[in-house]
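Peer 1: Below is one structure. I have some questions about it.
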Amino acid sequence: MKKTLTGLLLALLACVLTAAAEQPAFSVQDNPWDDGTSVLVKWDLATGADSLSLQKADSLGVFQEIFKEFAQTGQYTDSSLEIGKDFRYRLVAYNQARGDSLVYQGSARTKAQWFDMNKLSLLILLVLICGAILYYIFSARRGKDLFIRRISGLDSMDEAIGRATEKGRPILFVPGISDLGDIQTIAALNILSHLAYKSAEYGTELLVPCRFSMVLSAARETVKEAYLKAGKPDAYREDKVFYVTDDQFGFVAGVDGIMLREQPAANFFLGAFWAESLILTETGFGTGAIQTAGTGQPHQIPFFVVSCDYTLIGEELYAASAYISRDPQQLGSLKGHDFGKLLVILLVLAGVVMEIIGAGWFKQFFEGGS
Amino acid sequence: MKMPERSVVERRIVFLLLVLAVALPIIFPLGLKTQSTPLTEQVYDLVNSLPAGVPVIISFDYDPSTITELQPMAEAVIEHAWKKGHKIIATAMWPQGPQVAEMAFKDVQARMEKQNPSVKKHIYGEDFINLGYKPGGLVTIQGMGRSMEAIFPTDTSGLKYAEIPMLKPVRTLKDIRYVISLSAGDPGLRDWIMTANGKFNVPVAGGTTAVSAPGFLPYVNDQKQLHGLMGGLKAAAEYELLLGYEGTASLGMNPQSVAHILILAFILFGNIRAWKKRKADKLAQEARHG
Amino acid sequence: MKRNLPLIVAFVSGVVILIAGFIPRDPFPRIESTLIDWFMIISSFAILLGQASLLRMNVIRVAEKAPNWQYYLAGIISFGLMLAFGLLWGMEKTPGLLGQGQGIVSQLGVKPFDYLFENAFIPLSSTMFSLLAFYIASAAYRAFIIRNFESNLLMLTAVIVMLGRTSFAPMLTGWIPDSLGWLRLPELTNFIMQYPNTAAQRAILISAALGIVGASLRIILGIERSYLGGGK
């Protein structure tokens, strides 16, 4: 015990001494935590220098200038280098007034690292959150009952479909204006699957305008599959799930036109939306349709709230699939999200306390040190 | 003829008043002056801090629908960068981006020549270049971090990357000194923040529509994920003020200011109406029970 | 196999990109770079798929003389015209099949594609975006009603920010002395935008980001399969 304590104290002393040690005026080192193709050159010049020239030796040993922007203290990253080679650098600091100069030299060998230590905090958080999600998924599979609070926007789906069926008018579903690479679009397609199933059951027409062709393909497959599951494959019409245009406001003009002509009784705007969100929902409001909207974009939520009957805010959009299907695995992953939120709250509180007491290392650790 | 519903009539009155509120200040300018805010000043300082000759990217991630808000920003930033002697590389994550970029370069050169006929004429290929549109957003930016030439083998006129003089020192995105993304949606500013700044440590500043700006404010922080943010026409007017001229954005602040006041008046009127209705309903209820 | 192959591709590419984010050493950057190139190629082809679908839909509606078929015909004509002009004479500096079109440029001043872009497409797009102003006005008139404490607070904040974002703001509160400068409208607006607003935006952003992590994990592990076309 005594030996361990002594060792720790010595290590701490070494750290303090190293930190307090004077930084060299010029240093050349392999750029840490990279793929081995860059070298980091740092300098801290004495006062008096007013211009500099950073030079690198080529294969013949002749120094060529690579950088000349003056800064008393600065650094330069020379990238796109060969791995495992030595590179020599020379810094010439000029004092134009006195007409003299100082020359510094240094060299380093490039080396690839196995792990980017700047992202250690990210890895730890990722492991914790993913671990929690997987733990709750497996718990749910083992039969554990998981509570999820009411989301009124999703509960209202059946009401909206019923209303459309009574009035004999179609349902409009817009899966956002982002491409399939956006998770919001995938979350929207999840909801479309359930909506299409219900529409097929009730025999209500479903219109799905799409902005991107990959979304069109996925949406068509989703709706077709849903109609098949509902036992109504013949009722599926491919032209009801259609492409409008890639242009943002061209798409909005097209959808507005559909709303005014077809007069859907229920509108669903779920997915990624930008500035056009209010144009869509106000037009829909004008037609008297019941409207449900949901997006992960925080700045569009206020527009949806003022013009729609139900709004899914942020995470509720991603929870929709679990909520509607009540699939234990999906409910389990929702509990994992809640763990993640708790973790973030605790870290924020800890960070505030650490900053107040002056322990800056806590914040620096999560900043990544880059 | 059936009378339209009251709410429809009210909506039409609202729209008509708004048309007048926007049109009249354009025809009869009020001469209102704006003042700069810290967020716009941060973008200005980023551009101002760098010496002549540095390569920079201005990404035109918008289309003509948002040209009224973002084009004045683009022109102001181009003028500032040119005055500082920066080499501007125009890219676009949206298909119409290259065309709005060309329009911006042309208009800025024309304005600078009008202000000062002896101003330097900026040469394509030496002072600025238009590399055009590439799909893929975040993925494209990651590719730029490995090799600019692989992502943009030619510019919009077909000139090879290796033959363009100002691109000789630019091998990857890491050679770029700052990126200013003028963005109306996705792909756009968020992708530049996540990749150019998050992965390659290139300073990123942004300009967005006023509606989207609040969503990017969390990125303006100590870690400098965003070096300032210009949100909407007011920010464009602020940048023009910092540069010392009155452009389309500054003139556009006249109708915008009047329209804001009008909308506040609508809100007040709507609340008075709602209050009167609540009062009338309450009296009616009391009369029924009384 | 039809269901399993996409799941395997999603799993492998998801895991590789995740690992490559942490390991800078070869071959991970090269694998990531290759996947990036493949994604860009697929994205480019996807544009063609959309145009084909658009044309097909419009042609069918015109052929069947569906209601308002004239508008679908106008759509096809516009599509064809822009495509033809772009292919034949190009745009801006990009040459077309017939070169730079000096003859037409000397008459129009610009290439036909650019002429239509600047005089038709830009005004039409801007007009659609300008609808937002009208709809904001009508939504504000209808929905911003004071009912309780929270809506009072919202109203006060909205008035401060709306006035603060105009050129009237310096005039209205410019008389306030420097010692109470924080009460001036522009300063109050900046404070509201930078602190309460940003805090709320961050909270929604963090919870949405957690949702994205969860959804992405489900997709990588094959629990979420909606992108394949519905169902488990």
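The values are calculated or read from the model by the stated rules, or taken from the named source; none is laboratory data. Just so it is clear, the model here is predicted, and its values are computed rather than measured. Cβ atoms come from the backbone with ideal geometry, glycine included; neighbour counts cover every protein chain shown.
Peer 1: For segment B:4-43, which residues satisfy the criterion of being free of Cβ contacts under 8 Å to residues at least 12 places away in the same chain, more than 11 Å from chain C (Cβ to nearest Cβ) and under 30 Å from B:Arg273 (Cβ atoms)?
Peer 2: Listed by number, the residues that qualify are B:Pro4, B:Glu5, B:Arg6, B:Val9, B:Leu20.
Peer 1: A follow-up question, please. Going by the structure shown, is A:Ile151 within 14 Å of chain C (Cβ to nearest Cβ), touching a residue at least 60 places away in the same chain (Cβ under 8 Å) and surrounded by 14 or more Cβ atoms within 10 Å (Cβ to Cβ)? Spell out how you get there, then give the answer.
Peer 2: On the way: within 14 Å of chain C (Cβ to nearest Cβ): yes; touching a residue at least 60 places away in the same chain (Cβ under 8 Å): yes; surrounded by 14 or more Cβ atoms within 10 Å (Cβ to Cβ): yes.
So A:Ile151 passes the test.
Peer 1: Restricting attention to segment B:13-64, report how many residues are among the polar types (S, T, N, Q) and out of contact with any Asp or Glu (no Cβ under 8 Å at 6 or more places or on another chain). Spell out how you get there, then give the answer.
Peer 2: Our first condition is that a residue be among the polar types (S, T, N, Q); within segment B:13-64, this holds for B:34-37, B:40, B:42, B:48-49, B:59.
Now drop any that are not out of contact with any Asp or Glu (no Cβ under 8 Å at 6 or more places or on another chain), which leaves B:42, B:48-49, B:59.
Total satisfying the criteria: 4.
Peer 1: Could you please give the count of residues in segment A:178-207 that are under 20 Å from A:Asp247 (Cβ atoms), at the interface with another protein chain (Cβ under 8 Å from one of its Cβ atoms) and in contact (Cβ under 8 Å) with a residue 40 or more places away in the chain?
Peer 2: Residues that pass the stated criteria total 2.
Peer 1: A further question follows. Could you grab the pairs with beta carbons closer than 7 Å, sequence gap of 6+ or different chains, first residue in segment C:43-70 and closer than 12 Å to A:Thr245 by Cα, second one surrounded by 15 or more Cβ atoms within 10 Å (Cβ to Cβ) and of a type in the set (Asp, Glu)?
Peer 2: The qualifying pairs are C:Gly50/A:Asp246.
Peer 1: Hey, among the residues in segment A:44-68 that are small (Gly, Ala, Ser) and farther than 14 Å from A:Val28 by Cα, which one's surrounded by the most Cβ atoms within 10 Å (Cβ to Cβ)? Even if it seems obvious, please write down each step before you answer.
Peer 2: Kept after step one, since they are small (Gly, Ala, Ser), are these residues of segment A:44-68: A:46, A:48-49, A:51, A:53, A:57, A:59, A:61.
From what's left, farther than 14 Å from A:Val28 by Cα: A:46, A:48-49, A:51, A:53, A:59, A:61.
Values: A:Ala46: 10, A:Gly48: 13, A:Ala49: 20, A:Ser51: 13, A:Ser53: 17, A:Ser59: 6, A:Gly61: 7.
My answer is A:Ala49.
Peer 1: Only one of C:Gly75, C:Gly80 is part of a helix (DSSP H, G or I), at pLDDT 85 or above, loosely packed, with under 12 Cβ neighbours inside 10 Å and out of contact with any Phe, Trp or Tyr (no Cβ under 8 Å at 6 or more places or on another chain). Can you tell me which? Let's see the steps before the verdict.
Peer 2: On the way: C:Gly75 fails: loosely packed, with under 12 Cβ neighbours inside 10 Å.
Of C:Gly75, C:Gly80, the one residue that is part of a helix (DSSP H, G or I), at pLDDT 85 or above, loosely packed, with under 12 Cβ neighbours inside 10 Å and out of contact with any Phe, Trp or Tyr (no Cβ under 8 Å at 6 or more places or on another chain) is C:Gly80.
Peer 1: If I ask for residues that are more than 8 Å from chain C (Cβ to nearest Cβ) and surrounded by fewer than 19 Cβ atoms within 10 Å (Cβ to Cβ), which ones from segment A:208-251 would you list?
Peer 2: A:Leu228, A:Ala230, A:Gly231, A:Lys232, A:Pro233, A:Asp234, A:Ala235, A:Arg237, A:Glu238, A:Lys240
Peer 1: Please specify each residue of segment A:45-66 satisfying the condition of being closer than 30 Å to A:Trp114 by Cα and more than 10 Å from every other protein chain (Cβ to nearest Cβ).
Peer 2: First, the residues of segment A:45-66 that are closer than 30 Å to A:Trp114 by Cα: A:54-59, A:66.
Listed by number, the residues that qualify are A:Leu54, A:Gln55, A:Lys56, A:Ala57, A:Asp58, A:Ser59.
Peer 1: Within segment C:126-145, can one find any residue that is of a type in the set (Lys, Arg) and closer than 27 Å to B:Gln71 by Cα? Let's see the steps before the verdict.
Peer 2: Taking segment C:126-145 and keeping what is of a type in the set (Lys, Arg), we get C:142.
Of the ones still in play, those that are also closer than 27 Å to B:Gln71 by Cα are none.
Looking through segment C:126-145, none of the residues is of a type in the set (Lys, Arg) and closer than 27 Å to B:Gln71 by Cα.
Peer 1: I'm trying to understand the selection: among the residues of segment A:94-112, which are buried (at least 16 other Cβ atoms within 10 Å of the Cβ), polar (S, T, N, Q) and modelled with pLDDT under 90?
Peer 2: A:Asn95
Peer 1: Could you tell me how many of the residues in segment C:1-17 are in contact (Cβ under 8 Å) with a residue 40 or more places away in the chain and outside any loop (DSSP other than H, G, I, E, B)? Show your work before the answer.
Peer 2: Residues of segment C:1-17 that are in contact (Cβ under 8 Å) with a residue 40 or more places away in the chain, as a first pass: C:3, C:6-7, C:10-11, C:14-15.
Pick out the ones that are also outside any loop (DSSP other than H, G, I, E, B) and you get C:6-7, C:10-11, C:14-15.
Matching residues across segment C:1-17 total 6.
Peer 1: Looking only at segment C:152-202, how many residues end up being surrounded by 14 or more Cβ atoms within 10 Å (Cβ to Cβ) and of a type outside the set (A, V, I, L, M)?
Peer 2: Number satisfying all stated conditions: 19.
Peer 1: Also, quick follow-up: Give segment A:116-145 a look and list any residue that's facing chain C (nearest Cβ under 10 Å) and assigned to a loop (DSSP other than H, G, I, E, B), or say none.
Peer 2: Result: A:Asp116, single match.
Peer 1: I've got another one for you. Which one of these is acidic (Asp, Glu) and modelled with pLDDT of 90 or more: B:Asp63, B:Asp45?
Peer 2: Working: B:Asp63 fails: modelled with pLDDT of 90 or more.
On inspection, the qualifying residue turns out to be B:Asp45.
Peer 1: Okay, next question. Considering only residues that are more than 28 Å from B:Pro25 (Cβ to Cβ) and assigned to a loop (DSSP other than H, G, I, E, B), which ones fall in segment C:164-183?
Peer 2: Looking only at segment C:164-183, we keep the residues that are more than 28 Å from B:Pro25 (Cβ to Cβ), and these are C:177-182.
Answer for segment C:164-183, where residues must be more than 28 Å from B:Pro25 (Cβ to Cβ) and assigned to a loop (DSSP other than H, G, I, E, B): just C:Pro177.
Peer 1: So which residues in segment C:90-114 are touching a Gly at 6+ places or on another chain (Cβ under 9 Å), crowded, with 17+ Cβ neighbours inside 10 Å and more than 10 Å from every other protein chain (Cβ to nearest Cβ), if there are any at all?
Peer 2: Matches in segment C:90-114: C:Gly96, C:Gly101, C:Lys111, C:Pro112.
Peer 1: Could you list all residues from segment C:97-122 that are over 29 Å from the mean Cα position of the chain (by Cα), of a type in the set (Gly, Ala, Ser) and not in a loop (DSSP other than H, G, I, E, B)?
Peer 2: In the first step, residues of segment C:97-122 are kept if they are over 29 Å from the mean Cα position of the chain (by Cα); the result is C:97-109.
Now restrict to residues that are of a type in the set (Gly, Ala, Ser): C:99, C:101, C:103, C:106, C:109.
The answer is C:Gly99, C:Gly103, C:Ser106.
Peer 1: Let me ask something else about it. Can you tell me how many residues in segment B:150-169 are over 16 Å from B:Phe128 (Cα atoms) and in a helix (DSSP H, G or I)?
Peer 2: 2
Table: residues versus (1) more than 8 Å from chain B (Cβ to nearest Cβ); (2) within 31 Å of the chain's Cα centre (by Cα); (3) closer than 22 Å to B:Leu226 by Cα; (4) touching a residue at least 12 places away in the same chain (Cβ under 8 Å).
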position: C:Thr157; (1), (2), (3), (4): yes, yes, no, yes
position: C:Arg165; (1), (2), (3), (4): no, yes, yes, yes
position: C:Trp175; (1), (2), (3), (4): yes, no, no, no
position: C:Leu183; (1), (2), (3), (4): yes, no, no, no
position: C:Gln194; (1), (2), (3), (4): no, yes, yes, no
position: C:Thr198; (1), (2), (3), (4): no, yes, yes, no
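Peer 1: Report every pair of residues separated by at least 6 positions or lying on different chains whose Cβ atoms are under 9 Å apart, first residue within segment B:112-131 and over 20 Å from B:Gly247 (Cβ atoms), second surrounded by fewer than 13 Cβ atoms within 10 Å (Cβ to Cβ) and not charged (D, E, K, R).
Peer 2: From residues that are over 20 Å from B:Gly247 (Cβ atoms), the pairs are B:Gly125/B:Pro165; B:Glu126/B:Pro165.
Peer 1: Of the residues in segment B:32-79, how many are assigned to a loop (DSSP other than H, G, I, E, B), crowded, with 24+ Cβ neighbours inside 10 Å and among the aliphatic types (A, V, I, L, M)?
Peer 2: Looking only at that region, the number is 0.
Peer 1: Run A:Glu65 past the list (1) part of a loop (DSSP other than H, G, I, E, B); (2) free of Cβ contacts under 8 Å to residues at least 60 places away in the same chain; (3) among the acidic types (Asp, Glu) and report the number of the one that doesn't hold.
Peer 2: (1)
Residues are listed down the side, and each one gets a yes or a no for (1) closer than 21 Å to B:Trp192 by Cβ; (2) of a type in the set (A, V, I, L, M, F, W, C):
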{"position": "B:Ile58", "(1), (2)": "yes, yes"}
{"position": "B:Lys87", "(1), (2)": "yes, no"}
{"position": "B:Trp94", "(1), (2)": "yes, yes"}
{"position": "B:Asn116", "(1), (2)": "no, no"}
{"position": "B:Pro165", "(1), (2)": "no, no"}
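Peer 1: Right, another one. Against the condition touching a helix residue (DSSP H, G or I) at 6+ places or on another chain (Cβ under 6 Å), under 24 Å from A:Ile279 (Cα atoms), within 11 Å of chain B (Cβ to nearest Cβ) and in a helix (DSSP H, G or I), how does C:Ala140 come out, does it pass?
Peer 2: Taking the combined requirement at face value, the residue satisfies it.
Here is a yes/no grid of residues against (1) at pLDDT 90 or above; (2) part of a helix (DSSP H, G or I):
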| position | (1), (2) |
| --- | --- |
| A:Trp114 | no, no |
| A:Gly153 | no, yes |
| A:Thr165 | yes, yes |
| A:Phe173 | yes, no |
